[in-house]
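First the structure, in the form of structure tokens, and then the observations on it.
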Amino acid sequence: MKRFLVLLGLLISSFTAMGADMSNGADNFYKSDKVTLHKVSFKNQYQMKVVGNLFVPNGLDRTARSPAIIVGHPMGAVKEQSANLYAQKLAEQGFVTLALDLSFWGESEGRPRNAVLPDMYAEDFSAAVDYLGTQPFIDRLRIGVLGICGSGSFAISAAKIDPRMKAIATVSMYDMGAANRNGLKHSQTLEQRKQVIAAAAEQRYVEFTGGKAQYTSGTVHELTADTHPIQREFYDFYRTARGEFTPAGSSPELTTHPTLTSNIKFMNFYPFEDIESISPRPMLFIAGENAHSREFSEEAVHLAGEPKELHIVPNAGHVDLYDRVNLIPFDKLTRFFQDNLQ
């Protein structure tokens, strides 16, 4: 039986390597002919350059002031993975949209690369508001934010102290703090958490004295018979033609992997603390019916003030909502931002 499982795993690995699951309209690298892309950059409050893709609807009246939406990518990803897709689909509905690379990732500045700094990630969202709100064709009173996966928690963190964000939506949100402290469904014990912290602390000595950086978590690079179903889900996006993208200056080996010594900063990240203070600005939480991350959206909507809504997408998992256009409720997102960025 064990030999059979090993062979099965190798077959699955070979099949996945040959081609990604492109069902349900998976289209991460979608290119719209209804919008125009402008590469932009701006400084955040700490004078670090943030790079983004600004999507402007074709024929937009630039003498008027239009609503805008900032779109944040999944944790460990870059704007070319999921964020660009959402930004273009929403731009097709008349919004000016900005898909940004968070600091330390993609084309944005920050060293070491792949570093975790939740406060800086939240700052990048506010810096994006600074940028959009000073453009002559943008109505600074009608700026919304959309965070995918980990960026959902960063957008919430930003919105708590930035009332210029008038409507907040998340898709497949991860509370990156809770996920690192407790694991999914509180599967990590306090002792295990302390072991992770201790290992990261010891690694600081290595790097302080000139040793090589160590990376953690992220997506596996090959499948075996024992690979966890959640890792298989991420593998199908990040390690195949479906969603694989390596920014210039990076390497496939480091894609999605944060540094070990910085990743523990998530242990001190509590995005849902005081989430009710965002009210009366509206919040929309979108999660897949079968998503392993669904618990975070459910917790957020429980704690948030009104108005708020949890929208569950039938027959969808976590990564499904990154790029499967037949499952993603773009109409729901469009109505949410149209109603609340009037």
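Some values worked out for this structure:
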| item | result |
| --- | --- |
| The chain: most fluctuating residue of LEU102, LEU260, LEU303 per GNM, C-alpha cutoff 10 Å | LEU303 |
| Answer label for Cα extents along the principal axes in Å (calculated), chosen among (i) 66, 44, 41; (ii) 91, 54, 49; (iii) 63, 39, 39 | (i) |
| Aspartates and glutamates whose Cα lies under 14 Å from that of LYS308, excluding same-chain neighbours fewer than 8 positions away | GLU276, GLU298, GLU299, ASP339 |
| Cα-based equivalent ellipsoid, region 192-330: semi-axes from gyration tensor eigenvalues, Å | 31, 23, 14 |
| Ranked list, fewest to most other Cβ atoms within 10 Å of each Cβ, for ILE264, ILE230, ILE148 | ILE230, ILE264, ILE148 |
| In degrees, nearest ten, helix 2-18 long axis to first principal axis of the chain (Cα) | 40 degrees |
| Relative exposure of THR255, THR170, judged by other C-beta atoms within 10 Å (fewest first) | THR255, THR170 |
| C-alpha long axis of helix 151-160 to longest principal axis of the chain, angle in ° | 50 degrees |
| Residues SER32, SER297, SER151, sorted so that the one with the fewest Cβ neighbours within 10 Å comes first | SER32, SER297, SER151 |
| Unsatisfied cross-links (Cα-Cα over 23 Å) in the set LYS39/LYS332; LYS185/LYS332; LYS31/LYS332 | LYS39/LYS332; LYS185/LYS332 |
| Value of relative contact order over region 198-305, rounded to a whole percent, pairs C-alpha under 8 Å and six or more apart | 27 percent |
| Computed lengthening from GLN342 to LEU190, 0.36 nm per intervening residue step minus Cα-Cα distance | 50.1 nm |
| Inter-probe distance in nm under a simple model that places probes 7 Å from Cα toward Cβ, at TYR30 and GLU306 | 3.3 nm |
| Residue of HIS292, HIS38, HIS257 that the Gaussian network model of the chain assigns the largest fluctuation, springs spanning Cα pairs under 10 Å | HIS38 |
| 0 to 90° range, to nearest 10: angle between helix 229-238 axis and the chain longest Cα axis | 60 degrees |
| Global form of region 16-97, assessed from the alpha-carbon gyration tensor, a/c cut-off 1.5 | oblate |
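A short reminder: the numbers here are calculations on the coordinates, not readings from a lab. What you see is a predicted model; the values in this text were computed from it and never measured. Heads up, the Cβs are rebuilt from the backbone with ideal geometry, glycines too, and the neighbour counts pull from every protein chain shown.
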